[in-house]
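Colleague: One structure, pasted below without further comment.
The values are calculated or read from the model by the stated rules, or taken from the named source; none is laboratory data. All figures in this text were calculated on a predicted structure; none of them were measured in a lab. Note: ideal-geometry Cβ built from the backbone for every residue, glycine included; neighbour counts use all protein chains shown. Just so you know, the surface numbers come from the protein's heavy atoms only, side chains and all, with ligands and any DNA or RNA stripped out. Shrake-Rupley method; radii C 1.70, N 1.55, O 1.52, S 1.80 Å.
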Number of protein chains: 2
Amino acid sequence: MHRFSKKVSMTVVKRLPKYYQYLSDLQLNDIEKISSRELASLMGLTASQIRQDLNSFGGYGQQGYGYNVGELKEAIKEILVLDSEYNCIIIGGGNMGHAIANYERFKREGVILKGVFDVDPLTVGTVVGSVVVKHMDELDGFIESNEIDIAILCVPREVGQKVATQVTELGVKGILNFSPLDLDVPSDVVVENVNITDSLFTLTYLLGE
Amino acid sequence: MHRFSKKVSMTVVKRLPKYYQYLSDLQLNDIEKISSRELASLMGLTASQIRQDLNSFGGYGQQGYGYNVGELKEAIKEILVLDSEYNCIIIGGGNMGHAIANYERFKREGVILKGVFDVDPLTVGTVVGSVVVKHMDELDGFIESNEIDIAILCVPREVGQKVATQVTELGVKGILNFSPLDLDVPSDVVVENVNITDSLFTLTYLLGE
DNA sequence: GGTTTATTGTTATTATTTTATCAAAAAAAG
DNA sequence: CTTTTTTTGATAAAATAATAACAATAAACC
């Protein structure tokens, strides 16, 4: 599927969004080229690591010059497959779902919000982001007729697994999971967890150091 | 500061919240002991890794028996310094701030929400979580008189750095940062980032694999 | 055009993390 | 009470990741 033959390690992949962010910012400031050393000082990494990282998927730099910001950004965009569009739905129209629905950045990068679903009769019918919240009863039909690629789960822990099973059975292949539990999904489904409690606990650890 | 002499690597620390979660769940189900093998299959890790991890901060296991769930949980709780209380504030009373304010889990683990702040006149005065939203103008005095340990930043990217600087100057030592930018803070301040866009981009990568 | 400087890509080294192995200890079984 | 089984803690090995070093190349300068 990927258009880059060299395999990129997961450690590097996890850093790519950050590179992408910094390169986008540089581009907005009309900066055309940057050296690994400059980028390192900007991002708080070592120049060596940056060169290793960027070289794991190709020779986008030029000796004595550095990296072309726009070119490198586009390359990373391709690796992260942000040059395609994704249809997504948010499940759970509470505050978290609402917050995500308003992320302008998602749409800008090709992740299109197609629907928001909830069980609460008070939430159903309200407008969240750009869409009207539908009842969960309509979920099955909606996924089937809208080619949904990504489900963003913003539901309570108690129902997280149930919902995950439901959407994967309907063909959703990617889940961005805000529910604080680990999901059990088929092997062809990918899950990315955003566990806020875990982050808080890492913070309390660091505070105690 | 830490009551455990052996140093715990950051890789392990990042896994501790997950151990803590699973052990809490086991305890709720009245399970008293567990072996590294059982826990491994539950958590999707290897038994060897679990033994290494747990052994990096002490001998909580017993040969031929396994680990005592309650005891191990309490040990991890101490390492994560979840046996103390923290006063926290949320800055930004939008949907994200609202969502976090309603996380019951935070209070249960000793992270007490003392205030929510916003600049929007329509938000100021509304009730979020257990508190009434105050205007940002009141932030300085509030932090000084309430011994705030943690600031949870749910503000737009444009003002993130400004707010971070403001709270650190007032003595806040920990920031849970939901604003999509890297914060520049004094070296005695710790930041834990929750970057939702980065997580989404990791997901699009995985979808393309 | 030749020389100097900057900067990459690559290789080598070091550090860290994960996995495997196994003796020692405790529990369970007989 | 002895033997077998379980399971840890510790050590060793393998894999992965980060840093350092440097030759090769391009740009900048004179």
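Colleague: Looking for whichever is open to solvent by 80 Å² or more (accessible area, probe 1.4 Å) and within 14 Å of DNA strand C (Cβ to nearest atom) here; the options are A:GLY58, A:GLY64. Which one fits?
Modeller: A:GLY64
Colleague: Within segment A:109-145, track down each residue that is polar (S, T, N, Q) and open to solvent by 50 Å² or more (accessible area, probe 1.4 Å).
Modeller: Hits for segment A:109-145 are A:THR126, A:SER130, A:SER145.
Colleague: Looking at B:LEU183 and the list (1) of a type outside the set (Ser, Thr, Tyr); (2) out of contact with any Ser or Thr (no Cβ under 8 Å at 6 or more places or on another chain); (3) surrounded by 21 or more Cβ atoms within 10 Å (Cβ to Cβ), which single condition is not satisfied?
Modeller: (3)
Colleague: Separate question: Suppose the filter is open to solvent by less than 70 Å² (accessible area, probe 1.4 Å), away from DNA strand D (no atom under 14 Å from the Cβ) and in a loop (DSSP other than H, G, I, E, B); does A:SER24 pass it?
Modeller: no
Colleague: For segment B:27-47, enumerate the residues that are more than 10 Å from every other protein chain (Cβ to nearest Cβ) and either over 20 Å from B:GLN63 (Cα atoms) or part of a loop (DSSP other than H, G, I, E, B) (or both).
Modeller: Once the filter is applied, which keeps residues that are more than 10 Å from every other protein chain (Cβ to nearest Cβ) and either over 20 Å from B:GLN63 (Cα atoms) or part of a loop (DSSP other than H, G, I, E, B) (or both), segment B:27-47 yields B:GLN27, B:LEU28, B:ASN29, B:ASP30, B:ILE31, B:GLU32, B:SER35, B:LEU45, B:THR46.
Colleague: On the basis of being out of contact with any Pro (no Cβ under 9 Å at 6 or more places or on another chain), within 21 Å of B:LYS14 (Cα to Cα) and crowded, with 21+ Cβ neighbours inside 10 Å, does B:ILE152 make the cut?
Modeller: In short, yes.
Colleague: When segment A:52-92 is examined, which residues are found to be part of a helix (DSSP H, G or I) and either touching a strand residue (DSSP E or B) at 6+ places or on another chain (Cβ under 7 Å) or at the interface with another protein chain (Cβ under 10 Å from one of its Cβ atoms) (or both)?
Modeller: Within segment A:52-92, A:LEU54, A:VAL69, A:ILE76, A:LYS77, A:GLU78, A:ILE79 qualify.
Colleague: Cβ-Cβ below 6 Å, separation at least six or inter-chain, first residue in segment B:120-134 and touching a residue at least 60 places away in the same chain (Cβ under 8 Å), second in a loop (DSSP other than H, G, I, E, B): which pairs?
Modeller: none
Colleague: Within the set of pairs 6 or more residues apart or between chains, which connect a residue that is at negative phi inside segment A:40-66 to a residue that is within 6 Å of DNA strand D (Cβ to nearest atom) and at pLDDT 90 or above with Cβ atoms less than 9 Å apart?
Modeller: Here the result reads A:ALA40/A:THR46; A:ALA40/A:SER48; A:ALA40/A:GLN49; A:ASP53/A:THR11; A:SER56/A:SER9, each pair linking segment A:40-66 to a residue that is within 6 Å of DNA strand D (Cβ to nearest atom) and at pLDDT 90 or above.
Colleague: Right, next: Within segment A:34-45, which residues are within 11 Å of DNA strand C (Cβ to nearest atom) and surrounded by fewer than 17 Cβ atoms within 10 Å (Cβ to Cβ)?
Modeller: Result: A:SER35, A:ARG37, A:GLU38.
Colleague: Could you grab the pairs with beta carbons closer than 6 Å, sequence gap of 6+ or different chains, first residue in segment B:188-209 and more than 7 Å from chain A (Cβ to nearest Cβ), second one basic (Lys, Arg)?
Modeller: Sorted first by the residue in segment B:188-209, then by its partner, the pairs are B:VAL189/B:LYS173.
Colleague: Could you please tell me which pairs satisfy a Cβ distance under 7 Å, a separation of 6+ or placement on different chains, a first residue in segment A:70-85 that is farther than 22 Å from A:LYS114 by Cβ and assigned by TED's automatic domain parsing to the domain that holds A:TYR19, and a second residue that is polar (S, T, N, Q) and open to solvent by 30 Å² or more (accessible area, probe 1.4 Å)?
Modeller: These pairs meet every condition: A:GLY70/A:GLN27; A:LYS73/A:GLN27.
Colleague: Checking the condition in the same structural domain as B:TYR65 (by TED's automatic domain parsing), of a type in the set (Val, Ile, Thr), within 15 Å of DNA strand D (Cβ to nearest atom) and buried (at least 21 other Cβ atoms within 10 Å of the Cβ), which residue from B:ILE50, B:ILE31 passes?
Modeller: Going through B:ILE50, B:ILE31 in turn, the sole match is B:ILE50.
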